[in-house]
Each structure stands twice: as structure tokens, then as C-alpha cells.
1. Counting residues that are under 21 Å from the mean Cα position of the chain (by Cα) and under 20 Å from Gly279 (Cβ atoms), which helices (runs of 4 or more DSSP H) fully inside the range 308-422 reach at least 3?
2. Among the residues of the range 158-172, is any assigned to a loop (DSSP other than H, G, I, E, B) and within 30 Å of Glu36 (Cα to Cα)?
3. Select from the range 239-285 the residues that are aromatic (Phe, Trp, Tyr) and within 27 Å of Leu377 (Cβ to Cβ) and list them in ascending order.
4. Would you confirm, using the coordinates I've provided, whether Leu13 is modelled with pLDDT under 50 and either β-branched (Val, Ile, Thr) or open to solvent by less than 80 Å² (accessible area, probe 1.4 Å) (or both)?
5. Exactly one of these conditions fails for Ser161: (1) open to solvent by 20 Å² or more (accessible area, probe 1.4 Å); (2) within 30 Å of Phe130 (Cα to Cα); (3) at pLDDT 95 or above; (4) of a type outside the set (Lys, Arg). Give me its number.
6. Name, by its number, the condition in (1) more than 25 Å from Asp127 (Cβ to Cβ); (2) free of Cβ contacts under 8 Å to residues at least 24 places away in the same chain; (3) in contact with a Leu (Cβ under 7 Å, 6 or more places away or on another chain) that does not hold for Val340.
7. Exactly one condition in (1) more than 17 Å from the chain's Cα centre (by Cα); (2) assigned to a strand (DSSP E or B); (3) modelled with pLDDT of 95 or more is false for Arg128; which is it?
8. Checking Asp100 against (1) within 23 Å of the chain's Cα centre (by Cα); (2) open to solvent by less than 10 Å² (accessible area, probe 1.4 Å); (3) among the charged types (D, E, K, R), which single condition isn't satisfied?
Amino acid sequence: MRPIIQANWIWKLAAVAATGVQFVGCSSARSSGPIEVVYWTGWSGHEYEIQQNLIEEFNRTHPNVRVRMLTQFSSTGSYQKVKIAFAGGATPDVMSTIWDSDLAGFAMRGVLTPLDDYLKRAGRDVDREFTPGIARMVRIDGRVYGLTVTTNASFIVFNKSAFREAGLDPNTPPRTPTEVDRAAKACTKYDANGNLVRYGFRPENLDVWAYVFGGDWYDARTRRVTANDPHNIAALRWMAGYNRMFDLRKIQAFQSAFGDNDSANGPFFIGKLAMWHTGEWSEEFIRRYAPGLEWGWFPLPAPPNGRTNVTPARGSIFVIPAACKHKDAAWEFLNWITSVHAVKTFCAAIHNVPPLIEAGKDPAFQSDPLMRFATQLSQGQNSFGAPPIPIWATYKREIQRAEDRAVLGGEDPQHLLDDLQLRMERELSRTFDDLRE
């Protein structure tokens with residue numbers, strides 16, 4: 001396998017840019033008037049419009065700084081232009097086009113501005129203000145490199161009518177993986193010819209379920225990969241068991257006949273799926289596409305030696321590139337856009353969980369039962385962001401491949417994660433060697 005550093009010259013050039021060499025990409029002070037701050041966002045559509053409204057408010061209330069927002073939206077989720085900008089030093093002043101899985105890699109390559117001094121001067125404390133998963137995620141090697149304005153919660157929603165029809169109590173949802181298995185079997189239906197009519201559940205996303213089972217993917221203290229943690233292996237064995245309970249390829253074929261669960265033809269909305277692993281955004285889709293559905297929700301069920309109320313902490317990270325010359329003006333905007341007021345306004349408008357604990361106390365998130373539940377999950381100690389490892393994007397893709405090979409291919413979880421352990425150890429060692437050059 002090739003290491004994640006596929007173009008060393010990009011990062012070496014980026015390091016030069018970070019030393020302060022002038023490039024054309026950073027905004028410059030005008031001879032008179034406010035300093036212009038160029039901000040790259042990954043949002044588009046409705047989210048872009050809401051953010052534009054906030055930026056207009058900032059510009060009205062901060063006469064010495066003027067923010068100009070440019071969207072870098074990519075339908076594939078790839079922000080290739082970001083790497084090019086870092087390589088040439090032609091960065092904006094602030095960007096939120098940094099995925100959580102890439103933050104550590106950018107930080108360790110020296111192309112981001114540490115925010116600790118700015119936070120201290122502003123009287124801000126990431127550990128006190130932000131949800132635990134976000135607070136841990138934005139700190140790399142003891143320094144804070146980014147802030148967020150949104151996060152999400154992860155849980156399971158279920159069709160109460162399907163539970164009742166299957167002889168299950170809709171007021172007592174599953175609390176353990178074993179109870180999920182039973183509910184999945186009970187809710188799965190076939191017609192007289194043996195054709196699938198509805199399936200109960202299929203667990204996916206080993207990177208999340210490993211935490212539920214008590215595992216971890218990386219030890220930041222020792223800088224060690226922990227892919228073959230016994231709890232990770234137990235999680236993968238449980239997931240692989242679904243191919244013995246059901247023919248998952250038939251379920252895949254069944255799924256392909258319907259739309260995704262963000263469209264009116266989504267299987268959960270039309271009664272073809274009993275339990276859906278999703279997040280707080282599901283409420284808006286259910287209201288839109290299945291307004292009469294009787295439904296409920298429950299946290300990811302943990303085994304006896306696992307972790308309760310686990311949720312991933314994800315989102316776009318707001319950073320100040322190291323190559324930018326007007327860092328004080330950039331911080332003035334970043335500080336404001338990650339304030340309680342701005343975060344509350346944005347998250348309420350787009351139905352996301354706020355990463356700020358204080359914002360989560362607002363009635364916008366407490367008056368709605370599902371949003372209150374999602375907010376509580378995100379504020380719990382078992383909220384996990386991307387680990388502070390520079391190869392997480394590659395590592396996560398390889399976790400997914402191991403999951404596919406175990407669940408669909410029947411390969412041994414122990415062997416797969418032992419192999420992943422060795423490969424990611426080599427990958428991480430090569431990356432750290434490159435960073436020391």
C-alpha cells in the first residue's frame with residue numbers, strides 16, 4: 001500500500017508557505033476601510049444562505065472587518081482545492097472546508113494556525129465550552145487547531161407499528177446488541193414465495209460500533225494504532241453475524257429497489273425498514289416524507305462490557321491557515337461565527353446539534369424531544385471525534401474494507417483486524433518519518 005503522503009512536494013511547499021513567504025492567495029489590507037477576510041465554506045443551498053445571513057450580520061456589527069464568503073462545495077465531498085491552496089500558500093483567511101478526518105494531518109504538517117493564544121485572549125476554553133467529542137477532536141498534540149459550528153448525534157430510529165406487529169413492545173426498545181438481533185429477526189418479513197417484504201436492521205459503520213463495544217482505534221498517548229483491540233474484533237464479529245442470520249446480498253438487492261433515506265422513496269419512510277441507524281436530521285425527513293409514521297428512537301445499544309450512549313462527533317472544522325497574513329482579523333470572524341449566538345442560529349436553521357454546550361440549552365434544542373435527546377448524546381463523555389492521527393482518512397477507508405470483507409465476504413474478523421493493525425502501523429510510521437524531514 002502506498003503511504004498517505006503521495007506528493008511530498010505539496011507538503012514541503014506548504015511548509016514554506018507557512019513560514020510567512022508572501023503569496024497572492026491571502027487577502028491584503030486595503031489602503032483605507034475594513035480588512036477583507038476571505039472565507040471558504042463547504043456548504044451550499046439552504047445552509048449557504050443561512051450562513052450568508054450570519055456573515056451579513058457580522059459585517060454590520062464589525063466595521064473594521066469585512067468577510068467575503070466563497071463556496072467550495074463538492075458533490076463528492078472532496079476538497080482537492082484545499083490541498084492545492086495549502087501547497088501554494090494561496091489560502092483564504094478562514095476555511096471550513098476541512099474534514100475532521102484530515103485535521104490532524106494538516107495540523108502536523110504546519111499549515112494551520114494554532115488557536116490557543118487567541119482563545120486565551122478571548123477568555124475561551126474549548127474543554128468547558130464544547131462537547132467532549134469535539135473538544136478532544138480539535139486538539140492535536142496538546143494544541144487547538146480548529147473550532148466547529150455544528151455537530152451531529154448518531155442513534156437508531158424505529159418503526160413502532162412494525163415493532164407492535166412483530167410482537168415487540170414499542171415502548172421498550174432494544175438496549176443491547178442481542179436485543180437488536182432479536183428485534184431485527186422479528187421485524188423481518190417475507191411473502192409466501194420467500195421474497196423479502198421488510199428487513200429489520202443491518203448494522204454498519206464498524207468505526208462507530210467499535211467504540212460501542214468498548215474499543216478504540218488509536219492511543220494518542222503512545223501514538224499507537226489499536227486496530228486489533230479485542231473489543232473492535234468483538235464488534236466486527238457481531239456485525240458479521242448478520243450475514244448468517246440473513247442473506248445480506250439479498251438485503252442489498254432489496255435496498256437497491258428503493259431510494260436513499262433522504263428521499264420520499266426511502267425504505268424507512270415506506271415501511272420496508274424497521275430500524276434505521278441515523279442522526280437528528282432524520283426528524284425533518286420523517287416529517288417531510290412520512291408524516292403519519294409512528295416512530296421512536298434509542299441510543300446505540302451496548303454489550304455489558306461496552307459503552308452506553310456512544311455517538312460520533314463529526315463536522316466541518318473551521319481553521320485559520322498558517323499562510324494567512326491577517327490572522328487577527330480572521331480570528332475576529334472565527335471567534336464570532338463560533339459564538340453561542342451564531343452557532344445557535346445556524347444549527348437551529350439547518351436542524352443540526354450545536355457543538356457548544358451553552359447553545360444546546362436553548363429552547364430551540366430542548367423543546368423538541370428528539371433534538372433534546374440528540375443534544376444530550378453529543379454532550380456525553382462517550383462522544384468520539386476523529387482520533388488525532390494524520391492517516392485517519394486512509395485508516396477509516398481501510399476499516400470499511402475490513403468490514404465489507406467480514407460481513408459480506410465471510411472472512412475472519414481477527415485475521416482482518418490483525419492485518420489492518422500491521423498495515424496501519426507501517427503507514428503511520430512512514431507518515432511520521434515524512435513529517436520529521
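1. Per the criteria, 340-350, 369-378, 392-407.
2. Let us first name the residues in the range 158-172 that are assigned to a loop (DSSP other than H, G, I, E, B), namely 166-172.
In the following step, the residues that additionally are within 30 Å of Glu36 (Cα to Cα) were identified as none.
No, that holds for no residue.
3. Tyr242, Phe268, Phe269, Trp276, Trp281, Phe285 - these are the residues of the range 239-285 that are aromatic (Phe, Trp, Tyr) and within 27 Å of Leu377 (Cβ to Cβ).
4. Values: modelled with pLDDT under 50: yes; either β-branched (Val, Ile, Thr) or open to solvent by less than 80 Å² (accessible area, probe 1.4 Å) (or both): yes.
For Leu13, the condition - modelled with pLDDT under 50 and either β-branched (Val, Ile, Thr) or open to solvent by less than 80 Å² (accessible area, probe 1.4 Å) (or both) - is met.
5. So the condition that Ser161 fails would be (2).
6. Answer for Val340: the failing condition is (1).
7. (2)
8. With (1) within 23 Å of the chain's Cα centre (by Cα); (2) open to solvent by less than 10 Å² (accessible area, probe 1.4 Å); (3) among the charged types (D, E, K, R) applied to Asp100, the lone miss is (2).
The values are calculated or read from the model by the stated rules, or taken from the named source; none is laboratory data. For clarity, every value in this text was computed on a predicted model and none was experimentally measured. Cβ atoms come from the backbone with ideal geometry, glycine included; neighbour counts cover every protein chain shown. These accessible areas exclude ligands, DNA and RNA; they are computed on the full protein's heavy atoms, side chains included. Shrake-Rupley method; radii C 1.70, N 1.55, O 1.52, S 1.80 Å.
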